[in-house]
1. Out of all the residues in region 79-88, is one or more aromatic (Phe, Trp, Tyr), more than 16 Å from the ligand (Cβ to nearest atom) and out of contact with any strand residue (DSSP E or B) (no Cβ under 7 Å at 6 or more places or on another chain)?
2. Between residues in region 159-181 that are more than 12 Å from TRP300 (Cα to Cα) and residues that are of a type in the set (S, T, N, Q) and open to solvent by 20 Å² or more (accessible area, probe 1.4 Å), which pairs lie under 8 Å by C-beta distance while being six or more apart or on different chains?
3. So ALA115 passes all but one of these: (1) in a loop (DSSP other than H, G, I, E, B); (2) at pLDDT 95 or above; (3) surrounded by 14 or more Cβ atoms within 10 Å (Cβ to Cβ). Which condition number does it fail?
4. Among the residues of region 13-41, write down those that are among the aliphatic types (A, V, I, L, M) and open to solvent by 60 Å² or more (accessible area, probe 1.4 Å).
5. Checking GLY291 against (1) in contact with a Gly (Cβ under 7 Å, 6 or more places away or on another chain); (2) small (Gly, Ala, Ser); (3) open to solvent by 10 Å² or more (accessible area, probe 1.4 Å), which test does it fail?
6. Report yes if LEU186 is within 16 Å of ASP113 (Cα to Cα), hydrophobic (A, V, I, L, M, F, W, C), open to solvent by 10 Å² or more (accessible area, probe 1.4 Å) and within 14 Å of the ligand (Cβ to nearest atom), otherwise no.
7. Does LEU202 satisfy the criteria of being of a type outside the set (S, T, N, Q), within 16 Å of the ligand (Cβ to nearest atom) and either on the phi > 0 side of the Ramachandran plot or surrounded by 19 or more Cβ atoms within 10 Å (Cβ to Cβ) (or both)?
8. Go through region 124-156 and give me each residue that's hydrophobic (A, V, I, L, M, F, W, C) and within 16 Å of the ligand (Cβ to nearest atom).
Amino acid sequence: MGPQVKGKIVLFAPGLPPGASAGALYSIFSNLRTHGPSRAAAAGAVAALVRSVPPVSLATPHTGTLEYDPDKPRIPAAALDAEHADWIARLARRGVEVRVRLEMGALDGGLVDTANVVAEIRGAEKPEEIVLIGAHLDSWDVGQGAQDDGVGVIHVIEAMRLIRGLGVRPARTIRGVLFANEEHGLEGGKAYALAHKGERHLAAVETDLGSGKPERWNVSGSPHELAWFLTAAKPVGLPVELGWCGADISPLKDQGVPTMTLVGDVERYFEVHHSEADTLDKVEAQELQEGLAVVAGIAWQLANAPRP
Ligand SMILES: [Zn+2]
């Protein structure tokens, strides 16, 4: 970014490659939203607008994390729906001088105390060995957060209820954790990892990719741990792949806990999450139930499968 942005409002409006999956687009372009405003500020911009990341848009801005660089001015930044962002970009490309009046009601209310919700089914044989299943309780202020991460919360609560309702006891402890504040700094995940550092987590499983039909598990860990995941996951019927394993359990991963995340068809999730459109009507009951069935299944398998 050059000196031409000095005193201006910068618009980030990348042309999205047609045909790319919503998940791939999100992982590439959400970076502009997260770090773009401070880059613009470094070049002297007075504010930043970022085009919504999802491949489809019904004039609905898509919000999300912004990480200000502490060494740069904290300029105002806002998400702009795809239609308006592309319109401005077209005008600018034609040489039209675009004037934008930016009025924002956003404010930083500071930090307040909140809590993770933790429940467990104690293991009958090795209660000190913990298999964690987790999702996050918070959502962006727009929409209802039905897909992100209401679905994950239902997966965890219902998986726990399903196992408990059957009256069976797992060998290891199954612990359900609903993390606070994932979206705005991962405070719940960090606090959990710190508070439970001394405990023996054998695995942490996260569900935070919505209700789309379950397709696979993304896993991380040592070859030894991955071999155990492969064996334990087999009866659940979804393939296992190395990959990104979720935000809430990443502080546990940093402590060396092997992690796993449920990945389904994420197209609908990435279209609506972080937007006003993330409402309950987007959640298919059948797919939601398939998701909670596999979460219950993997929790049960990991809590019982012998370690190699
Ligand atoms: Zn989420």
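1. Checked against the condition, which is being aromatic (Phe, Trp, Tyr), more than 16 Å from the ligand (Cβ to nearest atom) and out of contact with any strand residue (DSSP E or B) (no Cβ under 7 Å at 6 or more places or on another chain), region 79-88 yields at least one hit.
2. Filtered contacts from region 159-181: VAL177/ASN116; LEU178/ASN116; PHE179/ASN116; ALA180/THR114; ALA180/ASN116; ASN181/THR114.
3. Going through the list (1) in a loop (DSSP other than H, G, I, E, B); (2) at pLDDT 95 or above; (3) surrounded by 14 or more Cβ atoms within 10 Å (Cβ to Cβ), ALA115 breaks only (3).
4. ILE28
5. Among (1) in contact with a Gly (Cβ under 7 Å, 6 or more places away or on another chain); (2) small (Gly, Ala, Ser); (3) open to solvent by 10 Å² or more (accessible area, probe 1.4 Å), the lone unmet condition for GLY291 is (3).
6. Answer is yes for this residue.
7. no
8. Residues satisfying the conditions are ILE133, ALA135, LEU137, TRP140, VAL142, ALA146, VAL151, VAL153, ILE154, VAL156.
The values are calculated or read from the model by the stated rules, or taken from the named source; none is laboratory data. This is a predicted model, so every value here is computed, not measured. As a convention, Cβ positions derive from the backbone with ideal geometry for all residues, glycine included, and neighbour counts pool all protein chains shown. Side chains included, ligands, DNA and RNA excluded: accessible areas come from the protein's heavy atoms. Shrake-Rupley method; radii C 1.70, N 1.55, O 1.52, S 1.80 Å.
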